[in-house]
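Notes follow the structure.
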Amino acid sequence: FEEGYIRPDYITLEKGRANGYSSLPRNPIAYLNGPDMAKPECTRIGYSFRHLALWGGLYHMAAALLRPVFPCHTYHRGIGLRELRPQLRSYWRKALYALRDYGRLAQFKAALSGRYFLVPLQVNVDSQIKRHSDFSSDGMEGFILHVLESFARNAPEDALLVYKHHPMDRGYHDYSRFIRKQVKRLGLTERVIYVHDVHLPTLIDNARGVVVVNSTVGLSAILHGKPVKTCGKALYDMAGLTAQADLDSFWRRADDFTPNKNLAQRYHAAVINQTQINGNFYKRLPNTPLKCGLNWKRKAPAGAGAAKLSTQDSGVIQAVIGN
């Protein structure tokens, strides 16, 4: 079990291991030549934060009380009352950041549209960072610096860089001071923006390109038709979906890596059918055969036959063969 590769209406269930260890093919030919899968019907989850907060609180209470019984258990965050402080901090920071980011959305949709590269940050202790990237020791600060230095050396002078903080990391980290220090050192004043709670789909839609470690936001950006560069081991990192050049080249060549729409749709449908279950770990789904958070009873859709490759698809295949 894992959080969904596709958010917010799915969780992941894979045989074996997930994420960077997944058995899903990393070759676009497997998806272009595979059956044309239909996407199953999906029940929308809706707002679920209060459900997460309730069950999260009960979990921490049980874990703290029973810790003597399980002395060797490992937690990726603190347990019990130690978690109360960052959770409370998250609430007041959300209000503060809303004031700081006020009016930003309109700028991204107008004056800044098409000018910036979006860099969505991930939770610092996420296993995606700890196990499936080169930033396991220095976390998000290492990633931020890696991107900043590459941007300073290679990006067009009219390009901007926008860092988007992860909402689940709001109470634990704030990289404002670190980013300001590095921006000043690299001479990037007025070219770097750091936001927290600006509407993510709008940021993606108006971006010039997207740079991620291995976040699910990368797949969302691909489905939005945006060039994506991954800096970690991502499930979707393959020719036709993401930039297969290095980060230094990506800043000037982003337009060369616009995702193949047919491949993106096929990949999306295959991931849902093979690894995703409609549902949520914390909120009960309405109108499902079992009164629980997961729709176990869905019918797997039949494939629509062999793939029909376009000229553009053939170009993706040739690129893979050539590499």
Suppose we filter Val210, Val217, Val192 for residues that are β-branched (Val, Ile, Thr) and open to solvent by less than 10 Å² (accessible area, probe 1.4 Å); which single one remains? Val210
Would you pick out the residues in region 116-170 that are small (Gly, Ala, Ser) and over 18 Å from the mean Cα position of the chain (by Cα)? Ser137, Ser150, Ala152, Ala155, Ala159
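The rows are residues; the columns are (1) modelled with pLDDT of 95 or more; (2) open to solvent by 30 Å² or more (accessible area, probe 1.4 Å).
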site: Ala221; (1), (2): yes, no
site: Asp248; (1), (2): yes, yes
site: His268; (1), (2): yes, no
site: Ile277; (1), (2): no, no
site: Tyr282; (1), (2): no, yes
site: Lys299; (1), (2): no, yes
site: Gly305; (1), (2): no, yes
Could you figure out which of (1) in contact (Cβ under 8 Å) with a residue 60 or more places away in the chain; (2) out of contact with any Lys or Arg (no Cβ under 9 Å at 6 or more places or on another chain); (3) open to solvent by less than 10 Å² (accessible area, probe 1.4 Å) isn't true of Ala159? (2)
Considering residues that are in a helix (DSSP H, G or I) and either touching a His at 6+ places or on another chain (Cβ under 9 Å) or at positive phi (or both), the number found within region 218-262 is 4
Identify the residue in region 168-199 that is in a loop (DSSP other than H, G, I, E, B) and of a type in the set (Phe, Trp, Tyr) and, among all such residues, is modelled with the highest pLDDT. Tyr175
I'm trying to understand the selection: among the residues of region 284-297, which are open to solvent by less than 30 Å² (accessible area, probe 1.4 Å) and in a loop (DSSP other than H, G, I, E, B)? Leu285, Thr288, Gly293, Asn295
Which pairs have Cβ atoms under 8 Å, sit 6 or more apart or on different chains, and link a residue in region 10-27 that is in contact (Cβ under 8 Å) with a residue 12 or more places away in the chain and more than 23 Å from Gly240 (Cβ to Cβ) to one that is open to solvent by 50 Å² or more (accessible area, probe 1.4 Å) and assigned to a loop (DSSP other than H, G, I, E, B)? Ile11/Phe1; Ile11/Phe281; Leu13/Phe1
Candidates Gln107, Gln122 - the one that is part of a helix (DSSP H, G or I) and within 27 Å of Asp255 (Cβ to Cβ): Gln107
The listed residue being among the hydrophobic types (A, V, I, L, M, F, W, C), open to solvent by less than 60 Å² (accessible area, probe 1.4 Å) and more than 24 Å from Tyr5 (Cβ to Cβ), out of Ala152, Ala106, Ala111: Ala152
For residues that are among the polar types (S, T, N, Q), in contact with an Asp or Glu (Cβ under 9 Å, 6 or more places away or on another chain) and either part of a helix (DSSP H, G or I) or loosely packed, with under 10 Cβ neighbours inside 10 Å (or both), tally how many sit in region 35-83. 0
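The values are calculated or read from the model by the stated rules, or taken from the named source; none is laboratory data. Note that this is a predicted model, so its numbers are computed, not measured. Cβ atoms come from the backbone with ideal geometry, glycine included; neighbour counts cover every protein chain shown. Surface areas here come from the heavy atoms of the whole protein model, side chains and all, with no ligands, DNA or RNA. Shrake-Rupley method; radii C 1.70, N 1.55, O 1.52, S 1.80 Å.
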